[in-house]
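Visitor: Dropping the structure in here first, questions after.
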Amino acid sequence: MTHQEKPPVLVKLLVCGGGNGAHVLTGLASSRHNVKVNVLSLFADEAERWRNTLADNHSVVNFREKDGSNKIITSRPNMITNDASKAVPGCNLVIFTVPAFAHEGYFRAIAPYLEPNTVIVGLPSQPGFQFQACDLLGMGGRTSAIVSFESLPWACRIGTFGREVQVLGPKDTLACAIIMRGCKPLFPVLKTIQYVIGKEPKLTMAANYLSINLLADAVVHPPMMYGTWKDWDGKPVAEKPLFYQGLNEFSADLLDKVSTELVQTAKAIHQKYPDMDMKDVIHLFDWYKLNYKESIKDMSSLRMAMKTCTAYDGLVHPMKETPDKKFVPDFTYRYMTEDIPFGMVVFRGISELAGVPTPAMDETIIWGQKILGKEFLVNGKLQGKDMNLTRAPQRFHFNSLFDLVNLR
């Protein structure tokens, strides 16, 4: 089945979300033959606003191809609603395109209406998606396949909410891991998702789901926030500091150590379970060499690679403006509120089960939980009172490496 070939059965797709990614996915999927699209948005009045804005019109995806040419795709979904009892029944493919903090609400909403042999996709999944899915999807979820993608397939932004969205460019390739869990899907899983999103990016298979969890980009932001703001005196600053290009020695060193701990965790898993191929988990510096080689001017170290990457030109720290036009760090931004409970704490949980010490991760989490007013790591163990707000495997009763490896 190429990306042009129709799937062998009618794909009844449920898109969960209402942001940039959900707009693109809904527009592309609704334009495909043999695909029927329902949209479920649980956020405030988003579904109603989308429905009212679209009215009897078609939505537009303005898709910029790799060669710079633009393609206009028009289509309409079957349904846009905030009512899972209307949206879910009959769907055989469910794709989440919402931030990790919102996943739990969607899992709980769809669980009562899920049919056997449904394919559940995180696009992207973010660390811990699989653990949460297994825990919350109930009876119907027991025969659901779980597909985890490492990121969104495109850089995109909404032009007019509910009506028009721009794709600024697709990625080249995008890796995913599939856990079948006894699912007997009605269509070939990867080929059908490729058909839904189109020919780019080219979808590939990661060796296993733990690789996808340990590869996530949530590794980057918390150590950089900590390295920049750990000694901050609380006084507003005159300018927004550069995020990547302002990377200091301490942050780069901490990033290097955290990344090394993830690689050591992958090696420990492979050592204990040799059939778990963990070679996809590479050090952050090697990842930059692979993914940004055209954009980096100085490859002499991780710090210089990040500081001289042209893709990061001008990107600044998340800041809030003060009344006197100065700036303070915005610790409510996703770099902290998402990337610690749904990133660092998940990495730390997997490393703990693999028996790998993680002093650099611990240092980052201890600072981060203090800033967030939360408690995850206590006396060197993930046993804080707020662990229920994370996606660490321990929260979902995965208490040994054996439990992790046998999630298939």
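Visitor: With the structure loaded, tell me whether Thr228 is in a helix (DSSP H, G or I), surrounded by fewer than 20 Cβ atoms within 10 Å (Cβ to Cβ) and either of a type outside the set (D, E, K, R) or not assigned by TED's automatic domain parsing to the domain that holds Leu114 (or both) or whether it fails that test. Before the answer, list the steps.
Guide: Values: in a helix (DSSP H, G or I): yes; surrounded by fewer than 20 Cβ atoms within 10 Å (Cβ to Cβ): yes; either of a type outside the set (D, E, K, R) or not assigned by TED's automatic domain parsing to the domain that holds Leu114 (or both): yes.
Here the answer is yes, as Thr228 does meet what is asked.
Conditions (1) touching a residue at least 24 places away in the same chain (Cβ under 8 Å); (2) over 20 Å from Ala216 (Cα atoms); (3) surrounded by fewer than 15 Cβ atoms within 10 Å (Cβ to Cβ), marked per residue:
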position	(1), (2), (3)
Phe327	yes, yes, no
Pro341	yes, no, no
Glu352	yes, no, no
Asp362	no, no, no
Lys370	no, yes, yes
Gly373	no, yes, yes
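Visitor: Still on this model: Which residues, taken from segment 291-309, are among the hydroxyl-bearing types (Ser, Thr, Tyr) and either loosely packed, with under 12 Cβ neighbours inside 10 Å or not assigned by TED's automatic domain parsing to the domain that holds Glu239 (or both)? Don't jump to the end; show me each part of the working.
Guide: Filtering segment 291-309 for residues among the hydroxyl-bearing types (Ser, Thr, Tyr) gives 292, 295, 300-301, 308.
Residue satisfying the conditions is Ser300 alone.
Visitor: Now for a different question. Looking only at segment 246-260, count every residue that is free of Cβ contacts under 8 Å to residues at least 24 places away in the same chain and buried (at least 20 other Cβ atoms within 10 Å of the Cβ) and tell me the total.
Guide: Residues in segment 246-260 being free of Cβ contacts under 8 Å to residues at least 24 places away in the same chain and buried (at least 20 other Cβ atoms within 10 Å of the Cβ): 0 in total.
Visitor: Please work out if Gly234 is over 26 Å from Phe347 (Cα atoms) and over 20 Å from the mean Cα position of the chain (by Cα). Walk me through it before giving the result.
Guide: Numbers: over 26 Å from Phe347 (Cα atoms): yes; over 20 Å from the mean Cα position of the chain (by Cα): yes.
Against the criterion (over 26 Å from Phe347 (Cα atoms) and over 20 Å from the mean Cα position of the chain (by Cα)), Gly234 qualifies.
Visitor: Applying the selection to segment 137-170, what residues are closer than 19 Å to Val98 by Cβ and assigned to a loop (DSSP other than H, G, I, E, B)? Outline the logic, then answer.
Guide: Here is the first cut: in segment 137-170, the residues closer than 19 Å to Val98 by Cβ are 137, 141, 144, 146-158, 161-162, 165, 167.
Leu137, Ser144, Glu150, Ser151, Leu152, Pro153, Phe161, Gly162 - these are the residues of segment 137-170 that are closer than 19 Å to Val98 by Cβ and assigned to a loop (DSSP other than H, G, I, E, B).
Visitor: Which residue out of Ile296, Ile350 is of a type in the set (Val, Ile, Thr) and touching a strand residue (DSSP E or B) at 6+ places or on another chain (Cβ under 9 Å)?
Guide: Numbers: Ile350 fails: touching a strand residue (DSSP E or B) at 6+ places or on another chain (Cβ under 9 Å).
After applying the criteria, what remains is Ile296.
Visitor: On to the next question. Give me a count of the residues in segment 53-93 that are under 27 Å from Leu186 (Cα atoms) and not β-branched (Val, Ile, Thr).
Guide: The total comes to 16.
Visitor: Looking only at residues that are more than 12 Å from Phe347 (Cα to Cα) and either in contact with a Leu (Cβ under 8 Å, 6 or more places away or on another chain) or not small (Gly, Ala, Ser) (or both) in segment 261-273, which one is surrounded by the most Cβ atoms within 10 Å (Cβ to Cβ)?
Guide: Taking segment 261-273 first, the residues more than 12 Å from Phe347 (Cα to Cα) are 267-273.
The next check asks that each one be either in contact with a Leu (Cβ under 8 Å, 6 or more places away or on another chain) or not small (Gly, Ala, Ser) (or both); those that pass are 267, 269-273.
Values: Lys267: 15, Ile269: 27, His270: 18, Gln271: 12, Lys272: 13, Tyr273: 18.
Going through the qualifying residues, I end up with Ile269.
Visitor: Still on this structure, please answer the following. Residues to consider are Ser69, Ser85, Ser31; find the one that is of a type in the set (S, T, N, Q) and modelled with pLDDT under 95. Spell out how you get there, then give the answer.
Guide: Details: Ser85 fails: modelled with pLDDT under 95; Ser31 fails: modelled with pLDDT under 95.
Only one candidate qualifies: Ser69.
Visitor: Kindly provide the set of residues from segment 173-190 that are free of Cβ contacts under 8 Å to residues at least 60 places away in the same chain and in a loop (DSSP other than H, G, I, E, B), ordered by number.
Guide: Narrowing segment 173-190 to residues free of Cβ contacts under 8 Å to residues at least 60 places away in the same chain: 173-174, 176-178, 182, 190.
Selection gives Gly182 alone.
Visitor: If you go through segment 118-136 one residue at a time, do you hit one that is modelled with pLDDT under 95, out of contact with any Cys (no Cβ under 7 Å at 6 or more places or on another chain) and either farther than 28 Å from Met278 by Cβ or part of a strand (DSSP E or B) (or both)?
Guide: Scanning segment 118-136, I find no residue that is modelled with pLDDT under 95, out of contact with any Cys (no Cβ under 7 Å at 6 or more places or on another chain) and either farther than 28 Å from Met278 by Cβ or part of a strand (DSSP E or B) (or both), so the answer is no.
Visitor: Taking segment 18-61, which residues are closer than 19 Å to Phe107 by Cβ, touching a strand residue (DSSP E or B) at 6+ places or on another chain (Cβ under 7 Å) and either in contact (Cβ under 8 Å) with a residue 60 or more places away in the chain or not assigned by TED's automatic domain parsing to the domain that holds Thr74 (or both)?
Guide: Gly21, Ala22, Leu25, Leu40
The values are calculated or read from the model by the stated rules, or taken from the named source; none is laboratory data. Keep in mind that what you see is a predicted model, and the values were worked out from it rather than measured. Because the Cβ atoms are built from the backbone with ideal geometry, glycine has one as well, and the counts that use them run over all protein chains shown.
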